[in-house]
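The values are calculated or read from the model by the stated rules, or taken from the named source; none is laboratory data. This is a predicted model, so every value here is computed, not measured. Heads up, the Cβs are rebuilt from the backbone with ideal geometry, glycines too, and the neighbour counts pull from every protein chain shown.
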Amino acid sequence: MKKDKDKKLTYFLRAAMMVLTTILIVLFLVIMSMVGKIQGTARVVNYAGLVRGGTQRMVKLEISGAPQDKMYETISSYIEGLRNGSEKLNFVRLDDEDFQTKMDELEKYFDELRSEILLVREKGYENTEIIEKSEKFFQICDEAVGFAEVYSQKKATGLDHLEKIVLVDILGLVLIIATELIKVVRFAAQNKILQKKVYLDEATGLPNKNKCEEILNETEPIPVNELVAMCVFDLNNLRTINNNLGHDKGDEYIRSFAIQLREAVPEEFFAGRDGGDEFIAVLKGLDHEGVRKCLQNIRNQAAEYSRQHPEMPISYAAGYALSSDFEGSTMRELFRLADKNMYIDKNRAKKEEAAEKQRMNIRLLEEITEKGFQFTDCIYCDALLDQYYVLRASSRFFLAEDGSYSGAVEQIVQELGTDENRKSMRKKLQISYLAEQIKDKGEKLELPYQYRKEDSICRGRMTALFVNNTEDGRLHHFILGFEPFQNKNENTADERTRLNRYYEQLKQSIVENENYAEALLQTANAVYTVDLTNDKLENVYYHEAAFKVENDIQTPCSYSDYCNKRSRYVTEDTLENYRIVDSSFKLLKRFATGAKQVTVEYCETMGKENKPVWLQKTVLMSRDMVYDANTDKESSVVHGIVLFKNTSDFHEKEQQEKVIAEKQKELDGADVSFNEWDSLRMQIPTWKDVFLNADNPTKRVLVNKLIEKIFVKEDEVVIRFKININEIRSKALKKSGSIVPENKLEDKSVILDSLKIYPNPE
């Protein structure tokens, strides 16, 4: 309906415009005619005045005796022209009755005046009526001029009316034209909007795929003298954001990059969205250095945005191709080349991100270890993006490598929770709750768990550790670690179970570290690499927290010479063991028989005090093919990895237990009389002496042997020791029949069920 009304209005306006235009043309013609007549009327008025003045002058000259025949003819022609019009004089005939009547009178009286002038020539002016008649003629001329002026005024008034009509007509035309112009402008604006919609990506504000394709579809090759760079951009992590945070956040991610791209790329260059998470930019007039600078500006812009918006950092890959490198290429061909370079950059970025991620993981795991946590499994979580990835995982860990943290919470609750505690566990694992509990370095939240698996009860503990905040104080990253508890019967498991557990830990150490050497250093104090075939000690690695076996090794050097040099520090009783692996020749001989691993243990004396240090030395051997560029030949080389582990603590513990066993044996086989009790008692080390002289591992052993059970209550800790006074009385019998007095036993003696020794109770 509205469209029909607009159509009818358009037809009406166009018809009105035609009518008004026709009227305006007619009026212009009429006005031009009237203007011409008015101009002629003005000349009539002017010349009527000349006739009046000229006649007076002519009469005066005639009176003075100067004949004016020529002037008479001129005035006579003026009068004739004033009456009937004259092309020669450009006079128009005034269609005014009063004027024409007066001009008839003027013409007749002028003839009379002529006759009187002739009499003046004959008789002199004193004898004629020349003065009176000239005055009369002047009056008639004056009246004729008046009539002419009145006529001219009428014409001017008519012209004025016509001008007003023309003005109204023009105004109508202007209004119609303005209306049409507005419609045209509106139509043009609508067309522009439509065109803009055709080429505009509403989500980002950049030109859309249609515009990009229009540029790429240019068939003409790029001129040789022109520099055109095609840049291609592809966003990373869009799928992860869509899956974890929703497509709205994904659209926001795309829009944020588009804004940074448009701000970083100079305004004179094209930048558009080619669809999905892909963008292009066309840079003209820039060489390689200029293009790289522009791309770096984009990087810097995106990095600054990511710093300010850690909840959605921008990650993308970029590639470009320059027309000067590919002469004769079209825009489409240049795009394909840039796209290939983009994927090269994406792969390089993924490798760098992976390496940086691994370095960060190692650093985080080291910090966890330094804080005393022994997580079998742990995940690294981003509270802002609701994401996680596995930092450490055992073979039995139930979470995927990465994903949504909120989704992981639900799985954790299902796996480790019970019907009674799932609600509470879910609440405490929420990011909002964790943000309130862990706000700074060193803060943690421990969540014990317990669940039934088949016929057994499984227990453990989850620990949330703070990692960092955003600049505005919001929780950004945290670690959620898992510690399953072993049951008592598992603690006494066979060697197979222990080996499996050790293998699990070693495998995880290899996964977590940058290289195999770093992984081995988790279980060894030092690692040497040796070229056994060429008898060359190549590299030496030390664990940061370990003592150094040798401080002045200059690698590369001879492995056999090094071992020979070190042999002077080896104790005599362990030298035979040391010599098993003290040369490349001996190790190669063992490798030839099929041995891939050799382990020996020996003791060295170190320092000024010649302190004994026990070392376990393990050599792992393998064969490699080596290519020599100088000889252009390949050869077989046997390499070895030498692991050193300090076992001094174990030997000290073993020695302490040996001493205790010997004392135990002496006591068990001794015949103690009452008289000998005091002297014997003084020879046995007291618990005080044992603890003062023992190392920390031995102290721990002794304490464990003493303590039977620990009861932990809310307000107290109760420790039950392995002490039985009744057994002291029964076991303190002497063969002669004498018995140690009860008061002495109760007062000063105790017995340990496990060790069966009688210490001094001091």
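For Asp668, the criteria (1) in contact with a Lys or Arg (Cβ under 9 Å, 6 or more places away or on another chain); (2) over 15 Å from Thr533 (Cα atoms); (3) at pLDDT 85 or above hold in every case but one, which is (3). Could you go through region 222-231 and let me know if any residue there is out of contact with any strand residue (DSSP E or B) (no Cβ under 6 Å at 6 or more places or on another chain), surrounded by 14 or more Cβ atoms within 10 Å (Cβ to Cβ) and either assigned to a helix (DSSP H, G or I) or at pLDDT 90 or above (or both). The answer is yes; a qualifying residue exists. Residues in region 252-284 that are free of Cβ contacts under 8 Å to residues at least 40 places away in the same chain and among the aromatic types (Phe, Trp, Tyr): Phe269 alone. Which ones in region 385-403 are buried (at least 18 other Cβ atoms within 10 Å of the Cβ) and either under 22 Å from Thr470 (Cα atoms) or out of contact with any Asp or Glu (no Cβ under 9 Å at 6 or more places or on another chain) (or both)? Once the filter is applied, which keeps residues that are buried (at least 18 other Cβ atoms within 10 Å of the Cβ) and either under 22 Å from Thr470 (Cα atoms) or out of contact with any Asp or Glu (no Cβ under 9 Å at 6 or more places or on another chain) (or both), region 385-403 yields Leu385, Asp386, Gln387, Tyr388, Leu391, Gly403.
Among the candidates Glu410, Glu367, the residue that is part of a helix (DSSP H, G or I) and either at pLDDT below 90 or in the same structural domain as Glu311 (by TED's automatic domain parsing) (or both) is uniquely Glu367.
Hey, could you check region 347-369 for residues that are more than 21 Å from the chain's Cα centre (by Cα) and among the aliphatic types (A, V, I, L, M) and say which is surrounded by the most Cβ atoms within 10 Å (Cβ to Cβ)? Going through the qualifying residues, I end up with Leu365.
Let's see how each residue does on (1) at pLDDT 90 or above; (2) surrounded by fewer than 14 Cβ atoms within 10 Å (Cβ to Cβ); (3) more than 25 Å from the chain's Cα centre (by Cα); (4) in the same structural domain as Asn244 (by TED's automatic domain parsing):
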| position | (1), (2), (3), (4) |
| --- | --- |
| Ala302 | yes, no, no, yes |
| Gln308 | no, yes, no, yes |
| Ala318 | yes, no, no, yes |
| Arg332 | yes, no, yes, yes |
| Met342 | yes, no, no, yes |
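On the basis of being in contact with a Lys or Arg (Cβ under 6 Å, 6 or more places away or on another chain) and in the same structural domain as Glu572 (by TED's automatic domain parsing), does Val638 make the cut? Spelling it out, Val638 is indeed in contact with a Lys or Arg (Cβ under 6 Å, 6 or more places away or on another chain) and in the same structural domain as Glu572 (by TED's automatic domain parsing). The set of residues from region 242-254 being over 11 Å from the mean Cα position of the chain (by Cα) and assigned to a helix (DSSP H, G or I) comprises Asn242, Asn243, Asn244, Leu245, His247, Asp248, Lys249, Gly250, Asp251, Glu252.
Screening Ala338 with (1) in contact with a Cys (Cβ under 7 Å, 6 or more places away or on another chain); (2) part of a helix (DSSP H, G or I); (3) within 28 Å of Asp402 (Cα to Cα) gives one miss only, at (3).
Of the residues that sit in region 186-215 and are out of contact with any Asp or Glu (no Cβ under 6 Å at 6 or more places or on another chain), part of a helix (DSSP H, G or I) and modelled with pLDDT of 80 or more, which one is surrounded by the most Cβ atoms within 10 Å (Cβ to Cβ)? The qualifying residue surrounded by the most Cβ atoms within 10 Å (Cβ to Cβ) is Lys211. Residues of region 636-651 that are surrounded by 16 or more Cβ atoms within 10 Å (Cβ to Cβ) and hydrophobic (A, V, I, L, M, F, W, C): Val638, Ile641, Val642, Leu643, Phe644.
Picking from residues in region 430-466 that are in contact (Cβ under 8 Å) with a residue 40 or more places away in the chain and not hydroxyl-bearing (Ser, Thr, Tyr), the one that is farthest from Leu364 (Cα to Cα) is Gly460. For region 250-284, a residue qualifies if it is acidic (Asp, Glu) and out of contact with any strand residue (DSSP E or B) (no Cβ under 9 Å at 6 or more places or on another chain), and the qualifying residues are Asp251, Glu252, Glu263, Glu267. Residue count for region 62-83, restricted to those that are hydrophobic (A, V, I, L, M, F, W, C), modelled with pLDDT of 75 or more and not in a loop (DSSP other than H, G, I, E, B): 4. Of all residues in region 423-462, exactly one satisfies the criterion of being in a strand (DSSP E or B), among the hydrophobic types (A, V, I, L, M, F, W, C) and farther than 14 Å from Pro484 by Cβ, namely Leu445. For Met606, the test of being closer than 20 Å to Phe644 by Cβ and either in contact with a Gly (Cβ under 7 Å, 6 or more places away or on another chain) or touching a residue at least 60 places away in the same chain (Cβ under 8 Å) (or both) is failed. Checked against the criterion of being closer than 30 Å to Leu50 by Cα, of a type in the set (Asp, Glu) and either assigned to a helix (DSSP H, G or I) or touching a Gly at 6+ places or on another chain (Cβ under 6 Å) (or both), the candidates Glu180, Glu126, Glu163 yield just one match: Glu126. Within region 404-434, the set of residues being touching a Lys or Arg at 6+ places or on another chain (Cβ under 7 Å), over 15 Å from Gln387 (Cβ atoms) and crowded, with 16+ Cβ neighbours inside 10 Å comprises Val413 only. Of the residues in region 570-600, how many are of a type outside the set (Asp, Glu) and assigned to a helix (DSSP H, G or I)? Residues that pass the stated criteria total 16.
Looking at Asp142, Asp111, Asp98, Asp104, just one residue is in a helix (DSSP H, G or I) and either outside the structural domain of Leu24 (by TED's automatic domain parsing) or more than 25 Å from Val59 (Cα to Cα) (or both), and that residue is Asp98.
Yes or no, residue by residue, for (1) in contact (Cβ under 8 Å) with a residue 24 or more places away in the chain; (2) closer than 22 Å to Leu82 by Cβ; (3) buried (at least 20 other Cβ atoms within 10 Å of the Cβ); (4) within 60 Å of the chain's Cα centre (by Cα):
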residue: Asp98; (1), (2), (3), (4): yes, yes, no, no
residue: Ile117; (1), (2), (3), (4): yes, yes, yes, no
residue: Arg121; (1), (2), (3), (4): yes, no, no, no
residue: Gly124; (1), (2), (3), (4): no, no, no, no
residue: Glu132; (1), (2), (3), (4): no, no, no, no
residue: Gly146; (1), (2), (3), (4): no, yes, no, no
residue: Val166; (1), (2), (3), (4): yes, no, no, no
residue: Ile170; (1), (2), (3), (4): yes, no, no, no
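Among the residues making up region 84-102, a single one is among the hydroxyl-bearing types (Ser, Thr, Tyr) and at pLDDT below 75: Ser86.
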